[in-house]
Amino acid sequence: MADDKKCKIVIFGAFGAGKTTLVKTLDPESSHVEAKCSGGTTTVALDYGRVLMNGNHIHIFGTPGQERFEFARDIIGKGMDGAILLIDVTSPVDDFIHHLHDSLCAARIPFVIFLNKCDSVGARPELFKKEFSDAAITKVSAIDRKQSLEALCTFAQTLPPHRNAHSPCH
């Protein structure tokens, strides 16, 4: 196991963007810490899954989407090799999404934006493509395993090797 290569990718996004769904789709045996809320359940700590891809163990962490959990996002994000900003394109562009985007840029973390729910009523992916034209953007359905795995693999291959000593990605 010492020769295995590991990569930590953290998924950020607003409440309801599909972070838990994406982690469950990527790893059906994933773990989740959730609480009941008015809309069903919400992540209050993290989601965790693991994918073996091309000899690499990709550890995937989903973060809580409420603004009040900034401290949890900071803790979960420590030592990440890359990040995914998952956006629900049926929701408007808001300050929280800008905050997550700007935080990843400021930290110089390699990241990609996954646009989720593009086939839903009211989807406006073009708004997000225009708003975040400086970022790598991929349309992904968080419920489509093949599409999600391909997008994750494509992103993971762009990450620089040995971003930190504990999590070499290549």
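Take the conditions modelled with pLDDT of 95 or more and over 24 Å from V51 (Cα atoms) and apply them to L100. Does it pass? So L100 fits the description; yes.
Remark: pairs (first residue in segment 105-129, of a type outside the set (V, I, T); second residue in a helix (DSSP H, G or I); Cβ separation under 7 Å; 6+ apart in sequence or on different chains) = P110/T158; F111/L104; F114/A151; L115/P125; L115/F128; C118/P125. Within the option set D102, D81, D88, being within 14 Å of the chain's Cα centre (by Cα), of a type in the set (D, E, K, R) and farther than 13 Å from G13 by Cβ holds for one residue only, D81. L100 - would you say it is crowded, with 19+ Cβ neighbours inside 10 Å and not basic (K, R)? So L100 passes the test.
Yes/no matrix, rows are residues, columns are (1) modelled with pLDDT of 95 or more; (2) closer than 17 Å to I84 by Cα; (3) among the small types (G, A, S):
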residue: G122; (1), (2), (3): no, no, yes
residue: S148; (1), (2), (3): yes, yes, yes
residue: T158; (1), (2), (3): no, yes, no
residue: H162; (1), (2), (3): no, no, no
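Here is a check on your reading of the model: is K129 of a type in the set (D, E, K, R) and touching a Leu at 6+ places or on another chain (Cβ under 8 Å)? Criteria met by K129. A Cβ distance below 9 Å, combined with a sequence gap of six or more or placement on separate chains, defines the contacts here; from segment 150-168, residues that are under 13 Å from I58 (Cα atoms) and of a type in the set (A, V, I, L, M, F, W, C) reach residues that are assigned to a loop (DSSP other than H, G, I, E, B) and modelled with pLDDT under 90 in the pairs C153/N54; A156/N54; A156/C169; A156/H170; L159/C169; L159/H170. For beta carbons closer than 6 Å, sequence separation of 6+ or different chains, a first residue in segment 69-95 that is closer than 23 Å to K139 by Cα and a second that is part of a strand (DSSP E or B) and at pLDDT below 95, the qualifying pairs are D81/C7.
All conditions but one from (1) surrounded by 12 or more Cβ atoms within 10 Å (Cβ to Cβ); (2) modelled with pLDDT under 95; (3) of a type in the set (F, W, Y) apply to F71; the one that does not is (1).
For segment 65-101, the set of residues classified as under 18 Å from L22 (Cβ atoms) and of a type in the set (D, E, K, R) consists of R73, D81, D88, listed by residue number. Here A135 passes the criteria (1) out of contact with any helix residue (DSSP H, G or I) (no Cβ under 8 Å at 6 or more places or on another chain); (2) not in a helix (DSSP H, G or I) except the one numbered (1). Which of the residues belonging to segment 15-51 are touching a Phe, Trp or Tyr at 6+ places or on another chain (Cβ under 8 Å), modelled with pLDDT of 90 or more and surrounded by fewer than 20 Cβ atoms within 10 Å (Cβ to Cβ)? Once the filter is applied, which keeps residues that are touching a Phe, Trp or Tyr at 6+ places or on another chain (Cβ under 8 Å), modelled with pLDDT of 90 or more and surrounded by fewer than 20 Cβ atoms within 10 Å (Cβ to Cβ), segment 15-51 yields only Y48.
The values are calculated or read from the model by the stated rules, or taken from the named source; none is laboratory data. On a predicted model such as this, the values are computed, not experimentally measured, just so you know. Cβ atoms come from the backbone with ideal geometry, glycine included; neighbour counts cover every protein chain shown.
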